1. If G229 passes every condition in (1) at negative phi; (2) open to solvent by less than 50 Å² (accessible area, probe 1.4 Å); (3) modelled with pLDDT of 95 or more but one, which one does it miss?
2. Mind listing just one residue for me: the one in the range 61-113 that is acidic (D, E) and closer than 20 Å to L10 by Cβ and, of those, surrounded by the fewest Cβ atoms within 10 Å (Cβ to Cβ)?
3. Which one is most open to solvent (accessible area, probe 1.4 Å) among residues in the range 285-324 that are closer than 18 Å to R259 by Cβ, in contact with a helix residue (DSSP H, G or I) (Cβ under 8 Å, 6 or more places away or on another chain) and among the charged types (D, E, K, R)?
4. Which ones in the range 324-333 are more than 18 Å from the chain's Cα centre (by Cα) and in contact (Cβ under 8 Å) with a residue 60 or more places away in the chain?
5. Of the residues that sit in the range 140-156 and are over 13 Å from Y174 (Cβ atoms) and in a strand (DSSP E or B), which one is nearest to the chain's Cα centre (by Cα)?
6. Quick check: is even one residue across the range 277-284 touching a residue at least 12 places away in the same chain (Cβ under 8 Å), within 12 Å of A337 (Cβ to Cβ) and either assigned to a helix (DSSP H, G or I) or open to solvent by less than 30 Å² (accessible area, probe 1.4 Å) (or both)?
7. Go through A329, A224, A250 for me and flag whichever is open to solvent by less than 30 Å² (accessible area, probe 1.4 Å), under 25 Å from I375 (Cα atoms) and out of contact with any Leu (no Cβ under 9 Å at 6 or more places or on another chain).
8. Would you pick out the residues in the range 165-207 that are in contact with a Lys or Arg (Cβ under 9 Å, 6 or more places away or on another chain) and basic (K, R)?
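The values are calculated or read from the model by the stated rules, or taken from the named source; none is laboratory data. Keep in mind it's a predicted model, so treat the numbers as computed, not measured. Ideal geometry is used to build each Cβ from the backbone, glycine not excepted, and the neighbour counts take in all protein chains shown. When the accessible area is computed, the model is the full protein with side chains, heavy atoms only, and any ligands, DNA or RNA have been set aside. Shrake-Rupley method; radii C 1.70, N 1.55, O 1.52, S 1.80 Å.
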Amino acid sequence: MDHGGIGFTLTEEQRMLQKLARDFAREQIAPVAAQYDRTGEFPFAIIQHARELGLMNANIATEYGGGGLPLVDECLIAEELAWGCAGISTSILLNNIAALPIIVAGNAEQKKQWLTKFTEGQFVGYAVTEPGAGSDVAGMLTTATRRGDEYIINGTKTFITNASHASFYVVFAYTDKRAKHRGMSAFIVERERPGFSVSKKFDKMGQRASDTAEIVFDQVAIPATHCLGNEGDGFMIAMQVFDKSRPTIAALATGLAQRALDECVKYAKERKTFGVSIGQHQAIGHLIAEMAMNVEAARLLTWRAASAVDQGQPNTKLAAFAKAFAADAAMKIATDAVQIFGGYGYIKDYPVEKLMRDSKIIQIYEGTSQIQRNIIARELLRD
């Protein structure tokens with residue numbers, strides 16, 4: 001008799017995908033993560049290898065050369081890659097996020113033209129944030145003015161991942177500022193357009209292998225056919241993207257947290273004080289137990305939010321649960337990892353120092369932990 005129940009068991013295909021990403025992270029990413037963190041160099045060779053293995057552009061349909069994978073599978077990849085290095089994995093996974101507005105709102109011709117470029121090896125930027133508009137998306141100042149069969153874009157976008165290496169960008173701008181968030185639209189802008197420029201990349205605290213820079217639009221003309229959906233659809237598109245991108249970021253946070261936990265378990269067995277391994281001291285044992293509980297909780301929240309998307313269910317609240325919890329957990333776990341390693345945790349010869357720096361931005365990008373709580377409260381208190 002079938003008593004029903006909830007399944008948490010991965011399929012054989014998912015386990016194979018997970019192993020592929022896990023082996024890649026351990027063999028190709030982790031050994032060079034410290035070097036890329038130190039130099040800030042962009043990991044071209046690693047990203048190219050990830051693309052060849054199908055670990056990049058996983059959410060793009062197979063007809064355009066992508067993996068055609070569901071969001072749960074994307075999250076499995078993201079978690080494993082982040083175990084190796086959160087910065088390198090962010091650079092690999094950004095194309096997935098940049099593809100979402102085209103997947104969500106592009107017409108058949110736009111999908112064929114642009115999504116194929118992703119899978120051919122081009123990098124793409126996702127441009128929402130501005131110097132004065134981060135959490136307040138509707139506060140952006142960038143404009144797109146219709147002139148005949150063109151739009152003229154003016155403004156500045158900041159903290160744009162892969163900006164220095166992208167061939168084109170999905171850009172959000174106001175077509176009607178008076179309509180507020182209902183006057184926002186989304187566009188595709190190629191790098192070579194006159195008036196477009198990229199500033200030098202930012203020198204960041206963590207995730208240093210991930211390129212982040214500012215981009216500027218000075219009277220940049222694009223064809224009207226580069227508008228995604230209709231004028232005024234931009235805010236709705238951005239919100240749909242967040243519902244699908246936040247579980248992936250939660251998975252990335254979970255992977256970083258798992259790495260911190262793994263490093264602590266290993267160290268707690270090897271390091272001895274007062275005649276026993278430090279893991280035998282209750283103070284350390286409890287810290288590690290707390291880490292493990294929170295890693296597992298973050299993973300399950302992530303899978304739940306991703307699964308809702310795959311089943312066509314609303315997931316705004318679930319995505320906020322996962323992103324906020326996993327990001328906050330990663331930061332605390334990485335901080336506690338430094339504590340467990342003691343003085344060694346504070347120096348760059350040991351990996352936990354980097355994990356702590358890498359984790360902080362996860363509480364900020366793709367919607368801060370505070371914004372996630374605003375979303376959760378709004379969803380719970382909605383009439």
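1. All conditions pass for G229, except number (1).
2. The extreme case among them is D73.
3. Here the answer is E290.
4. Selection gives I333 alone.
5. Taking the candidates together, the pick is T156.
6. Yes, the range 277-284 contains at least one residue that is touching a residue at least 12 places away in the same chain (Cβ under 8 Å), within 12 Å of A337 (Cβ to Cβ) and either assigned to a helix (DSSP H, G or I) or open to solvent by less than 30 Å² (accessible area, probe 1.4 Å) (or both).
7. On inspection, the qualifying residue turns out to be A329.
8. Residue satisfying the conditions is K204 alone.
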